[in-house]
Amino acid sequence: MTKPVRVAVTGAAGSIDYSLLFRIASGDLLGKDTPVILQLIEITPAMQALEGVAMEINDCAFPLLQDMILTDDLNKGFDGANLALLVGGMPRKAGMERADLIRANGPIFTGQGKAINDNAADDVRVAVVANPCNTNALIAMHSAPDVPNERFTAMTRLDENRAKSQLAAKAGVAVADVKKMGIWGNHSNTMYPDFFNATIGGKPATEVISDHAWLKGDFISTVQQRGAAIIKARGSSSAASAANALIDHVRDWFTVTPEDDFHAMAVPSDGSYGVQEGLIYSFPVRCDGKGGYEIVQGIELNDFSKEKLKVTEAQLLEEREVVADLLT
Ligand code: NAI
């Protein structure tokens, strides 16, 4: 029988994980032949709620679920983990500035990075969802010196999916026809959805959609502000779509990316496209099917795009300043 994959998930009693854990246990993440062990991590006050989630998972009688560990101990939670999905964090409270949120979350990711470093499996791969996810991933990466840097990623796949859905609706085509939807930079309202290099039915999106004012204006702002629009409409933040995007992010990390496509992943910059090395920055990437990926090279960026890349890079540099003391 195939060896089970150990999936450690933080924030396990939270909203996103309520949509995520059942899909992992049912085989949506790793396929229908791979058994899974869920290692569910929460803070102590949320352990009782986590027990309730675990009762529901048990009641699904998932054939692939071999074991489930519930814990508020990071060393136990990340022990032997092949995948570490860092979803839990401190939410933004009324009156909090972005810098306050970054400071409040920073120490969580030094602790988790260290626990991953000391306990996870040699092949561990990390995806950070909790916001500010790029900077949280940066902190975790710096706290895990024995884990190769390229194993740390942050999730911008929800932005890719949002952008694809907007382009498909505007063009009147199926979402599957939209490819090469790159997201650049920070998962925040400065992120840049690059429609210039996107394709629709194999043609440039700018040929299929003639309304270029919409592409440069409402399209970008709709994708950038989609999270806020969902909070306004639903009264709480995107959860099921974030869980779905995380499934896409991890599944596609282990899938060969088709030649005519790429995906958005925030990964450590190697200096490509002039982005400062070491920042966790969203690039178009292609994956090799074995857990490796490369930043796609040779993408043409016009002045409009170059300017957008700089704006979002500047925000990431500012965020890095705020947590500089946690990166030593
Ligand atoms: P939530 O507030 O419903 O759940 C968060 C959970 O994390 C809570 O159960 C809490 O007890 C737990 N938690 C807090 N500190 C923890 C720690 N140190 N260790 C383990 N667990 C901890 O929030 P929700 O809706 O599930 O969102 C989670 C995060 O995902 C938020 O930071 C949110 O901003 C972010 N997010 C990111 C998206 C992306 O595209 N990257 C999209 C949507 C949300």
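Loop-only GluC sites (Glu not before Pro) in the stretch 226-328, please: DSSP not H, G, I, E or B, and at most 12 other Cβ atoms within 10 Å. Write down the numbers at each step before the final one.
Details: sites: GLU259, GLU277, GLU294, GLU300, GLU307, GLU313, GLU318, GLU319, GLU321; in loops: GLU259, GLU277, GLU300.
Qualifying residues, ordered by number: GLU259, GLU277, GLU300.
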Quiz prompt | Distance (nanometres) between label positions extended 7 Å along Cα→Cβ at ASP100 and GLN48 | solution = 2.8
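Shape call for the stretch 1-132 from the C-alpha gyration tensor, a ≥ b ≥ c root eigenvalues: rounded (a/c under 1.5), prolate (a/b greater than b/c) or oblate?
prolate
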Practice problem: Determine the share of the stretch 15-64's accessible area contributed by carbon and sulfur atoms, expressed in whole percent, with a 1.4 angstrom probe. | Solution: 56
Quiz item: Nearest 10 degrees, 0 to 90: what angle lies between the long axis of helix 303-322 and the longest principal axis of the chain (Cα atoms)?
Solution: 30
Exercise. Counting only heavy atoms of the protein chains, get the accessible area per residue of the chain (1.4 Å probe) and round it to a whole Å² value.
Key: 43
Practice problem: Classify the stretch 80-162 as rounded, prolate or oblate from the Cα gyration tensor: take a ≥ b ≥ c as the square roots of its eigenvalues, call it rounded if a/c is under 1.5, otherwise prolate when a/b beats b/c and oblate if not. | Solution: oblate
Self-check item: Carbon + sulfur, % of accessible area of the stretch 253-319 - ligands and nucleic acids excluded, 1.4 Å
Solution: 50
Self-check item: All aspartates and glutamates inside 13 Å of LYS3 as judged from Cα atoms, apart from same-chain residues fewer than 8 positions distant
Solution: ASP33, ASP67
Self-check item: Charged-residue dipole, Cβ positions (Lys, Arg, Asp, Glu), the stretch 5-86 about Cα centre, Debye nearest 20
Solution: 220
Quiz item: So, in nm, how far is label ASP211 from label GLN225 when the simple model puts each one 7 Å beyond its Cα toward the Cβ?
Solution: 1.7
Quiz item: Mind listing the phi-derived Karplus ³J(HN,Hα) values for the stretch 198-208, rounded to whole Hz, using 6.51, -1.76 and 1.60 with θ = phi - 60°, and x for any glycine or proline?
Solution: 6, 10, 10, x, x, 9, x, 4, 6, 7, 6
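If you take the square roots of the eigenvalues of the alpha-carbon gyration tensor of the chain and sort them as a ≥ b ≥ c, do you get rounded (a/c under 1.5), prolate (a/b over b/c) or oblate?
Taking the square roots of the gyration eigenvalues as a ≥ b ≥ c, the chain is prolate.
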Practice problem: Filter the cross-link list LYS179/LYS216; LYS170/LYS216; LYS114/LYS310; LYS216/LYS306; LYS93/LYS232; LYS164/LYS216 down to pairs whose alpha-carbon distance in this structure exceeds 22 Å. | Solution: LYS114/LYS310
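The values are calculated or read from the model by the stated rules, or taken from the named source; none is laboratory data. Treat the numbers as computed from the prediction; the structure is a model and nothing was measured. Positions of Cβ are backbone-derived with ideal geometry, glycine not excepted, and every protein chain shown enters the neighbour counts. Side chains included, ligands, DNA and RNA excluded: accessible areas come from the protein's heavy atoms. Shrake-Rupley method; radii C 1.70, N 1.55, O 1.52, S 1.80 Å.
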